[in-house]
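The values are calculated or read from the model by the stated rules, or taken from the named source; none is laboratory data. What you are looking at is a predicted structure, and each value in this text was computed from that prediction instead of being measured. Ideal geometry is used to build each Cβ from the backbone, glycine not excepted, and the neighbour counts take in all protein chains shown. For accessibility, only protein heavy atoms count, side chains too; no ligands or nucleic acids. Shrake-Rupley method; radii C 1.70, N 1.55, O 1.52, S 1.80 Å.
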Amino acid sequence: MSVAVTMAPAAPTAEEEAQLARLYADFERHHLMPLWTQTNDLMPLTPKPKAVPHVWAWKDLYPLAQRSGELVPVGRGGERRAIGLANPGLGGHAYVSPTLWAAIQYLGPRETAPEHRHSQNAFRFVVEGEGVWTVVNGDPVRMSRGDFLLTPGWNFHGHHNVTDHPMAWIDGLDIPFAQQMDVGFFEFGSERVTDAATPAFSRGERLWCHPGLRPLSGLRDTVSSPIGAYRWEVTDRALTEQLLLEEEGQPATVAPGHAAVRYVNPTTGGDVMPTIRAEFHRLRPGTVTQTRREVGSSVFQVFEGRGVVTLDGGETSLETGDLFVVPSWCAWSLAAEGSFDLFRFSDAPIMERLSFARTQVEGGDR
């Protein structure tokens, strides 16, 4: 039986090497780059994110926000006293991931952040405090502990604190995605908020927040949710009922001891905004989630309780207010010490709409 022998390619001659050097020089001169020199970077076997998993402790963030409140004025020009979480792997950009922006925003007593609007979609989540109203397209929306509040793209919005106490919250936006796609527009609005009223519930809530009911005046589907605030009392009740149903033997949780909800646009049943998904998770004491990897990035904030997050094998203890980022294809899991509540937002709508979404749970693709 004959055996085929593969001969190694002959070494290039000096003349061939010189021609190749001239070829690469001409590529550079004409602003060209050959694929064969970049394949491992452009087409890796699995995602190789520059962003790294990282945890920001609330006990560090909040005092820094307080100091900025004492030293940095808020108003036209700076617009917002917001401190972006800069992922250590992204070269000094104030990006928490390549698609998402997260910040702690701080508003002092009796301060007003002037109105403006921008293409980027935004939300706020309140881990503690009250006394601020955000005014979105002229509709005053109360901000209180546990509330999830929307400012969809190109909606005018400003904030005013009506108390003698400061307040801080987290902002989430799709700024990095919008910047990389070159789709950003910005426009200044009123120096003050356009409606200084302080109602318990916004007009959008009064119209839309009735379970299972849709106003006949709002039958047109909207790109983003028309609800300005998703209230903590409703979120808490939904999670509590899931765990109670689980105790009764009913299929209500995503996994044993793990209740979760997704905030949705009531006109479509889909995500609240076209580029951002938001969820809330509650783990019973002692619950450990399966290790998973996902295409796309997520940011979590601990709302209440204590636990541990494992990110690519590294464990970090978490407590109320702490934030962490899960980059694309990073292996992660959670373990609850006591009852453990976490808010989560991600770029999942982008990944799903472009058919890039992929999840691996404990070694199995889905």
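Grab the beta carbon distance between residue 76 and residue 130, set R0 = 22 Å, and tell me the FRET efficiency rounded to 0.05.
So, using R0 = 22 Å, E works out to roughly 0.30.
Rounded to the nearest 20, the Cβ-based charge dipole of the stretch 206-287 about its Cα centre (Lys and Arg +1, Asp and Glu -1) stands at 340 debye. Hydrodynamic analysis of the stretch 115-177 uses the Kirkwood radius over alpha carbon pairs. Inserted into Stokes-Einstein at 25 °C and 0.890 mPa s, it gives a translational diffusion coefficient of 205 µm²/s.
Expressed as a fraction of 2.2 N^0.38 Å, the C-alpha radius of gyration for the stretch 157-198 is 1.60. Each label was represented as a point 7 Å from its Cα along the Cα-to-Cβ direction; for residue 352 and residue 46 these points are 2.4 nm apart.
Relative contact order of the chain, taken over Cα pairs closer than 8 Å and 6 or more residues apart, is 15 percent. Per residue, the accessible area of the chain comes to 52 Å², computed with a 1.4 Å probe over protein heavy atoms only. So which GluC sites (Glu not before Pro) in the stretch 233-296 are both in a DSSP loop and have at most 14 other Cβ atoms within 10 Å of their Cβ? Sparse-neighbourhood loop GluC sites (Glu not before Pro): 248. Report in % the part of the accessible area of the chain that belongs to carbon and sulfur, leaving out ligands and nucleic acids; probe 1.4 Å. Percent of accessible area from carbon and sulfur atoms in the chain: 57.
Suppose each label sits 7 Å from its Cα in the direction of the beta carbon; what would the residue 30-residue 165 distance come out to in nanometres? So the two model labels end up 6.8 nm from each other.
In the chain, taking the dipole from charged Cβ atoms about the Cα centre, the farthest positive-side position among 326, 143, 338 is held by 143. With θ taken as phi - 60° and the Karplus curve 6.51 cos²θ - 1.76 cosθ + 1.60 applied, the whole-hertz 3J(HN,Hα) list for the stretch 69-76 is x, 7, 10, 10, x, 10, x, 4 Hz, x standing for glycine and proline.
Taking the alpha carbon gyration tensor of the stretch 255-298, multiplying each eigenvalue by 5 and rooting it gives semi-axes of 24, 15, 7 Å, largest first.
Within the stretch 218-366, the proportion of Cα pairs with more than 26 Å between them is 28 percent.
Out of 42, 194, 309, whose Cα points farthest toward the positive end of the dipole of the chain (charges: +1 Lys, Arg; -1 Asp, Glu; placed on Cβ)? Checking the options against the dipole of the chain, the answer is 194. If you take the square roots of the eigenvalues of the alpha-carbon gyration tensor of the stretch 57-100 and sort them as a ≥ b ≥ c, do you get rounded (a/c under 1.5), prolate (a/b over b/c) or oblate? Oblate is the answer for the stretch 57-100, as a/c is 1.5 or above yet b/c matches or exceeds a/b.
Please state, rounded to one decimal and in Å, the Kirkwood hydrodynamic radius that the stretch 310-366 gives when every pair of distinct Cα atoms enters the mean of 1/r. Mean inverse Cα-Cα distance, inverted, gives 13.4 Å. Amide H to amide H distances under 5 Å link residue 141 with 134, 135, 136, where only residues 5 or more positions off or on other chains count and H is placed in the peptide plane. Given q = 0.14, 0.24, 0.28 Å⁻¹, what are the Debye log10 I(q)/I(0) values for the stretch 198-241, with equal point scatterers placed on the Cα positions and solvent ignored? Cα-only, vacuum Debye calculation for the stretch 198-241: -0.39, -0.97, -1.13. Computed from point charges on the beta carbon alone (+1 for Lys and Arg, -1 for Asp and Glu), the dipole magnitude for the chain about its Cα centre is near 560 Debye.
Sorted on the mean count of surrounding Cβ atoms within 10 Å across their residues, most packed first, peptides 303-316, 96-109, 280-293 read 96-109, 280-293, 303-316. Taking a sphere under 12 Å around the Cβ of residue 256 and counting the other residues whose Cβ falls inside, with K and R at +1 and D and E at -1, yields a net charge of -1. The magnitude of the dipole of the stretch 141-234, with charges of +1 and -1 set on the Cβ of Lys/Arg and Asp/Glu and taken from the Cα centre, is near 440 debye. Each 5 Å bin from zero holds the following percent of Cα-Cα pairs in the stretch 1-83: 3, 9, 8, 8, 9, 9, 8, 7, 9, 9, 6, 4, 5, 4, 2, 1, 1, 0. Under Stokes-Einstein, with the Kirkwood radius over Cα pairs standing in for Rh, what whole-number D in µm²/s applies to the chain at 4 °C and 1.567 mPa s? Stokes-Einstein gives a translational diffusion coefficient of 57 µm²/s.
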